[in-house]
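The structure appears below as structure tokens.
The values are calculated or read from the model by the stated rules, or taken from the named source; none is laboratory data. Everything numeric here is computed off the predicted structure, so don't read it as measured data. Using ideal geometry, Cβ is built from the backbone for each residue, glycine included, and neighbour counts are taken over all protein chains shown. Surface areas here come from the heavy atoms of the whole protein model, side chains and all, with no ligands, DNA or RNA. Shrake-Rupley method; radii C 1.70, N 1.55, O 1.52, S 1.80 Å.
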Amino acid sequence: MNRLFLPDTKPVDTSVHGFARAHGSLVELHESPLFLTATAPHPDRRTALVSGGGSGHDPLHAGFVGLGMLDAAAPGRIFASPHNRQVYEASRAVAREEGVLHIVKNYTGDRINFGIAAERLRADGVEVQRVLVDDDLATENHQTATGRRGTGAALVVEKILGAAADTGLGLEELARLGDDVVAASRSLAVAGRAQTSSSRGGEAFSLAEDELEYGVGIHGERGAATIRRPALDRITEQMTTELLDGLPDVGDGVLLLVNGLGGTTPLELYAVHELVSQELEKRRVEVGARLVGTFVPALDMSGFSITLTSLRPGWLDRWQAPVRTPAFPCTEPRS
């Protein structure tokens, strides 16, 4: 049985229209092609921030359009890149005096379509740079020709760059900062049940009751391994260890994001957060900021991801800077 309750035709269009109607004070809907822009971006911005990606990962990216984060987002079809025309028109609509910075997750379709849009923008005289988000540890191996996938760290990049853009940082400075945040971020995800296939119904892949898919992708890609389901404290210990080993260092402490993959309850996510926090305490790793919730799902997959970002001077202030978007919660001051 298909667990997804979607319209029979044009599910993404219907959903985006509903999203824009619900958050009309924050975002403006544009059609033909489809994209969303912020109604009240910061007046001091000299560079616009534009992102986008396949639907089914909501609230990424449309939920982070607004003051303190993105100027525009282009939604693709389910698990599919937005068309280059969407990216081009969205970028044209919000471009500032210093141009546009594209925040792109490392997937082939996204790279191609954002790349084509960037070429068209440069031909129009609009300066463009790109930050490529590639944080997924599960694809850090020689068998993955495209390199690490882009996952939960996209949210971290969008928030830190959004705050920096609001202070008037230029295009080159923002691009360098974005690359630094990506380099300091690693993510890892696990799933106990696959997402529903939006095209045919049923689970996209099968797991036994006692199995866990280790290292899944946000499009429902199978993990690096299918393992016997361990106790939650064992799996969080393993994931935390691998993430810390994958970071270049722990900087001024870390930012911790515990993210649901769509079919995971807050009860479960906060349990994961507590266990990861305990593991970090054992290793004397300071957690400077925390965020728990479903921000980068894979439709209704039952699982979670953990993202760690090594904090550098000034990044925590930018993480906690004012933000007004449909989906990003208020940040707490550092204790």
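Annotations
- Stokes-Einstein translational diffusion, segment 1-51 - Kirkwood Rh over all Cα pairs, 0.692 mPa s, 37 °C, in µm²/s: 252
- For segment 25-117, the equivalent ellipsoid derived from the alpha-carbon gyration tensor has semi-axes of 19, 14, 11 Å in decreasing order.
- Whole-number accessible area per residue in Å² for the chain, which is evaluated in the context of all protein chains at 1.4 Å: 43
- Temperature 10 °C, viscosity 1.306 mPa s: under these conditions the Stokes-Einstein estimate for segment 132-178, based on its Kirkwood radius over C-alpha pairs, is 134 µm² per second.
- Alpha carbon convex hull of segment 84-175, volume per residue in cubic angstrom: 97
- Taking all Cα pairs closer than 8 Å and separated by 6 or more residues, the relative contact order of segment 1-121 comes to 24 percent.
- Over the C-alpha trace of the chain, radius of gyration and Dmax come out as 18.8, 56 angstrom.
- Computed over segment 221-271, the P(r) tail beyond 12 angstrom holds 77 percent of alpha carbon pairs.
- Sequence ranges 261-272, 14-25, ranked by mean other-Cβ count within 10 angstrom, highest first: 261-272, 14-25
- Peptide packing: for 60-68, 273-281, the average count of neighbouring Cβ atoms within 10 Å per residue gives the ranking 60-68, 273-281, highest mean first.
- Note on segment 1-130: with neighbouring protein chains present and a 1.4 Å probe, carbon and sulfur make up 49 percent of its accessible heavy-atom surface.
- Cα lying deepest toward the dipole's positive end in segment 41-103, options THR47, VAL100, ALA74, charges on Cβ: ALA74
- Two-site FRET efficiency, LEU29 against ASP245, from Cβ-Cβ distance with R₀ of 45 Å, rounded to 0.05: 0.55
- Carbon/sulfur fraction of accessible area - segment 191-335, other protein chains in place, 1.4 Å, %: 48
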